[in-house]
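Comments concern the structure below.
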Amino acid sequence: MLPPAAPLLFLLLVTGTGGTVPSPRAPPRGCYVAEEAGERTFRCSQAGLSAVPAGIPNDTRKLYLDANQLASLPEGAFQHLPVLEELDLSHNALAHLSGAAFQGLAGTLRHLDLSANQLASVPAEAFVGLQIQVNLSANPWHCDCALQEVLRQVRLAPGTGTGIVCGPGARPDLVGQEFLLLAREEELCGVGRGGARRGTDVALLVTMGGWLTLVVAYLVHYVWQNRDETRRSLKQAPVQPVRATLSTVEVSSTLSTVV
Ligand SMILES: *[C@@H]1O[C@H](CO)[C@@H](O)[C@H](O)[C@H]1NC(C)=O
Ligand SMILES: *[C@@H]1O[C@H](CO)[C@@H](O)[C@H](O)[C@H]1NC(C)=O
């Protein structure tokens with residue numbers, strides 16, 4: 001027998017959770033399940049979502065969450081979708097990705113669209129182990145080391161390379177530049193800002209300094225040798241010490257002019 005308060009409590013529990021957890025059969029508002037080319041597809045394009053919806057069927061192979069207001073992805077946002085192959089997150093407001101955002105998709109995910117978001121940088125860990133083709137176009141990239149590392153791990157969707165352009169938050173000399181052209185010339189994972197380009201400058205300076213030192217050393221050597229010869233000639237003709245002193249003075253003034 002239930003105590004009299006039990007039905008009320010049950011009712012409270014049901015109404016309390018019923019609003020947030022939709023029944024597994026009814027997809028979230030604005031979303032629908034479809035069968036496309038024999039693949040279970042879940043479409044939530046332009047559905048006004050600000051978070052990844054609950055209730056995505058676990059046999060979904062293609063998931064369209066494009067043109068919503070997603071601002072971030074929690075860790076393991078899609079790990080309950082064990083056969084997910086294609087994920088479209090384009091045209092959202094994603095500014096940050098967790099390093100574990102795509103956790104659990106390593107074996108299955110093939111296509112990922114992150115284009116037209118607000119991404120300035122993504123953690124390279126987010127793509128570790130994924131065998132994906134990714135669209136990274138139309139984001140305000142910082143063009144940093146993390147992006148360079150990401151591009152070593154993933155393949156870009158065909159024709160999307162030119163769409164990766166450095167945004168306003170990037171180093172001033174990089175803003176508006178195409179990242180792939182840039183990454184060909186500059187190692188962005190070098191020490192400090194500017195990476196290898198600055199390293200090359202330093203190497204050039206050191207080399208030039210080295211040459212200059214050599215030239216100066218040679219001149220000094222040359223001048224000293226001359227002085228020795230002057231002394232020797234002095235010994236042969238010790239009559240004019242004043243002259244000798246004079247020539248030494250001349251030599252040192254020549255030296256200082258040269259240096
Ligand atoms: C989906 O979940 C159901 C019930 O939990 C399970 O029986 C089924 O195997 C899962 N499907 C996939 C593709 O994992
Ligand atoms: C990549 O994203 C851009 C911008 O959203 C889009 O115009 C383009 O068609 C996409 N390309 C591919 C191959 O997905």
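The values are calculated or read from the model by the stated rules, or taken from the named source; none is laboratory data. Remember, it's a predicted structure, so these values are computed and weren't measured experimentally. Cβ sites come from the backbone with ideal geometry, for glycine too, and all protein chains shown count toward neighbours. Accessible surface areas use protein heavy atoms only, side chains included; no ligands, DNA or RNA. Shrake-Rupley method; radii C 1.70, N 1.55, O 1.52, S 1.80 Å.
Structure summary
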read-out	value
DSSP bridge orientation in region 24-187 - percent antiparallel, rounded to nearest 5	25
Estimated distance in nm for a label pair at Cys189 and Ala51, the labels positioned 7 Å out from Cα along Cα-to-Cβ	3.6
Extension gain, Asp59 back to Ala37 (0.36 nm per residue minus Cα-Cα distance, nm)	6.5 nm
Computed E for Leu180/His111 - FRET, C-beta separation, R0 30 angstrom, nearest 0.05	0.95
Carbon + sulfur, % of accessible area of region 24-187 - ligands and nucleic acids excluded, 1.4 Å	50
Length released on extending from Arg155 to Glu85, taking residue separation times 0.36 nm less the Cα-Cα span	23.7 nm
Largest-first principal axis extents, alpha carbons of region 24-187, Å	53, 30, 27
Around Ala100: net Lys/Arg minus Asp/Glu count, Cβ-Cβ under 9 Å	-2
Largest-first ordering by accessible area, 1.4 Å probe, given options Trp224, Trp211, Trp141	Trp211, Trp224, Trp141
